[in-house]
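What follows is one structure encoded as structure tokens, with my remarks underneath.
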Amino acid sequence: MTLRLETVPDRAEVKVSRLLDERGLSAFQIKLIVWSFFIVLIDGYDIAAIAFAAPHLVRAWGVAPSALGPVFSASLVGILFGSVLFGWIGDRYGRKAALVGSNLLFGVFTLAAAYSSNLQQMFWLRLLAGIGIGGVIPNVVAINAESAPRHLRATLAIIAVGCVPIGGAIPGFVAATLVPHYGWPILFHIGGVVPLVIAVAALFGMPESIKYMALHASQRGRMEALIAAIRPDLKVSPHACFVIEDERQFPGFNPVYLFRQGLALITPLLWLLFALNLMGYFFLLSWTPTLLTAAKLPPTTVALAGAVLQVGGTVGALALCWWLQRHRFLAIAIMFVLAVPVVGAIGFAGMTSQAALLTATFFAGFLVLGIQSGINVVGAMIYPTSLRANGSGWELGIGRIGSIVGPLVGALFVGLPVETLYMWSALPFAAGAVICFLVHRLNMARLAARPELYDAQ
């Protein structure tokens, strides 16, 4: 069979979104998903590792559980700045460069944390590691959403970031199986070496976002090679230009652009939405192992509960990705509503039976982490390619204020009965439901007033 070549004439425009839509799902997108899986797996692991090390640090260093609050929040402070910094790096120097750099950074400081001998050392090492951790999600969302056909943009990006909770579950299994034999440092040895290996491998093997390359003349050679791989029937002339025809780009990286095109109210509300969900999520992530240990539950049950919380999050993100692709912010608002009674019931379930506790934590993870995967992607997709990693970085960066507050508030109220504490912890999700529905209505009004923006989302 003879392959028919389609030639793009000189000075013609190559419409990148149309090219991706015509090609559909290919080995290129699958390769990106595989790379993203390993990157977010270790990202989720390193975020959660300190929570599973905490009960062992209490015993080894003879500190009170309430003293762990600043250590829990240390990496989250780093993530606050790292999300914004690496979001800017991703838009300026490429998603791949940002992902390689962030993995190198948090790998080095996580490995160093294995040799800390007191809470002060652990605090600073976790803070520095957090700067690197913060760069992962904005750039993983951007690189997958920008390289997918329109009908799969949200789905592929949600699948990519939906694997973060799987990584967050792994420290629970390490704590249950390896820590008794090798001590708590093994959690950080694993969390430090693996991202360093991934960073070096990604430097040579990971592709770049096709839409990022389309916007940067310096990437033209790689862009032409990629098009030859995914569309071998298309011959691009040396003078043809690449355009992203369904987006209006901005000339720089000034955060003021995040408030243009009808986003003046939506952007700050998204920041608040991220803060509310991350406040509730990181309370659950940071304090669940310690609270359940204080409630005299067996160590194995405690480790399993923390792991099941994360597994539920991955199942939620993957099971709901098609629904989230279709209904976006409305679907997320419904998940917020459902999260309120489920999270509030964890304390009561823990006092009932192991089966009830594991069921409650699974569905809490299903909803809360499913929400986070959804807003990571849907929130980023309201911005054009030239601002996407930056916009996502600001959402996650400002949202980290909530993730810092959550563990600290938990430290203030750690003396309450566990049943009461979990009921109070459901309040951020109730507020999140209201804010998310408001964002849904505002975004629908924005798209109705600017129909040219619809295809870009």
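The values are calculated or read from the model by the stated rules, or taken from the named source; none is laboratory data. Nothing here was measured: the structure is a model prediction, and the numbers come from that model. Reconstructed Cβ throughout: ideal geometry from the backbone, glycine too, with neighbour counts over all protein chains shown. Surface accessibility is based on the protein's heavy atoms, side chains included, excluding ligands, DNA and RNA. Shrake-Rupley method; radii C 1.70, N 1.55, O 1.52, S 1.80 Å.
Any residue that is modelled with pLDDT under 90, surrounded by fewer than 23 Cβ atoms within 10 Å (Cβ to Cβ) and more than 15 Å from the chain's Cα centre (by Cα) - is there at least one of those in the stretch 28-39? Yes, that holds for at least one residue.
Condition check ((1) of a type outside the set (S, T, N, Q); (2) free of Cβ contacts under 8 Å to residues at least 60 places away in the same chain; (3) closer than 24 Å to G130 by Cβ) across all residues:
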residue: Q261; (1), (2), (3): no, no, no
residue: F283; (1), (2), (3): yes, no, yes
residue: F329; (1), (2), (3): yes, no, no
residue: A339; (1), (2), (3): yes, no, no
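The rows are residues; the columns are (1) among the aliphatic types (A, V, I, L, M); (2) in contact with a Leu (Cβ under 8 Å, 6 or more places away or on another chain).
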site: A98; (1), (2): yes, no
site: A129; (1), (2): yes, yes
site: P138; (1), (2): no, yes
site: V174; (1), (2): yes, yes
site: G191; (1), (2): no, yes
site: V197; (1), (2): yes, no
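Here's the yes/no breakdown for (1) open to solvent by 10 Å² or more (accessible area, probe 1.4 Å); (2) outside any helix (DSSP H, G or I); (3) over 16 Å from E208 (Cβ atoms); (4) in contact with a strand residue (DSSP E or B) (Cβ under 7 Å, 6 or more places away or on another chain):
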| position | (1), (2), (3), (4) |
| --- | --- |
| S73 | no, no, yes, no |
| L99 | no, no, no, no |
| L105 | yes, no, yes, no |
| Y115 | yes, yes, yes, no |
| W124 | yes, no, yes, no |
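Kindly indicate whether any position in the stretch 323-332 is open to solvent by 10 Å² or more (accessible area, probe 1.4 Å), out of contact with any Pro (no Cβ under 9 Å at 6 or more places or on another chain), among the aliphatic types (A, V, I, L, M) and at pLDDT 85 or above. Yes, the conditions are met somewhere in the stretch 323-332.
Within the stretch 230-244, the set of residues being more than 29 Å from the chain's Cα centre (by Cα) and either more than 19 Å from L25 (Cα to Cα) or not in a loop (DSSP other than H, G, I, E, B) (or both) comprises L234, K235, V236, S237, P238, H239, A240, C241, F242. Only residues that are among the charged types (D, E, K, R) and either assigned to a helix (DSSP H, G or I) or at pLDDT 90 or above (or both) were counted across the stretch 409-457, and they come to 4. Of the numbered criteria (1) within 21 Å of the chain's Cα centre (by Cα); (2) assigned to a helix (DSSP H, G or I), the one V200 fails is (1). Scanning the stretch 252-259 for any residue that is farther than 28 Å from A333 by Cα, outside any helix (DSSP H, G or I), open to solvent by less than 30 Å² (accessible area, probe 1.4 Å) and at pLDDT below 75 turns up at least one such residue.
Under the condition of being open to solvent by 10 Å² or more (accessible area, probe 1.4 Å), part of a helix (DSSP H, G or I) and of a type in the set (V, I, T), the residues counted in the stretch 349-408 number 5.
Yes or no, residue by residue, for (1) hydrophobic (A, V, I, L, M, F, W, C); (2) in contact with an Asp or Glu (Cβ under 8 Å, 6 or more places away or on another chain); (3) over 18 Å from L80 (Cβ atoms):
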site: S102; (1), (2), (3): no, no, no
site: L105; (1), (2), (3): yes, no, no
site: A112; (1), (2), (3): yes, no, yes
site: S117; (1), (2), (3): no, no, yes
site: F123; (1), (2), (3): yes, no, no
site: A129; (1), (2), (3): yes, yes, no
site: P149; (1), (2), (3): no, yes, yes
site: L152; (1), (2), (3): yes, no, yes
site: G172; (1), (2), (3): no, no, yes
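Step by step: first the residues of the stretch 133-174, then only those that are more than 30 Å from I230 (Cα to Cα) and under 13 Å from the mean Cα position of the chain (by Cα), then the one that is most open to solvent (accessible area, probe 1.4 Å). Which residue is that? In this case the residue turns out to be I166. Checking the stretch 265-285 against the condition returns a match, with at least one residue being modelled with pLDDT of 85 or more, of a type in the set (A, V, I, L, M, F, W, C), open to solvent by 20 Å² or more (accessible area, probe 1.4 Å) and not in a helix (DSSP H, G or I).
Please go through the stretch 175-197 and pick out each residue that is outside any helix (DSSP H, G or I) and crowded, with 20+ Cβ neighbours inside 10 Å. Full working, then the answer.
In the first step, residues of the stretch 175-197 are kept if they are outside any helix (DSSP H, G or I); the result is 178, 183-184.
Across the stretch 175-197, the qualifying residue is only W184.
The numbered conditions (1) at pLDDT below 90; (2) part of a loop (DSSP other than H, G, I, E, B) are all true for S218 except (2).
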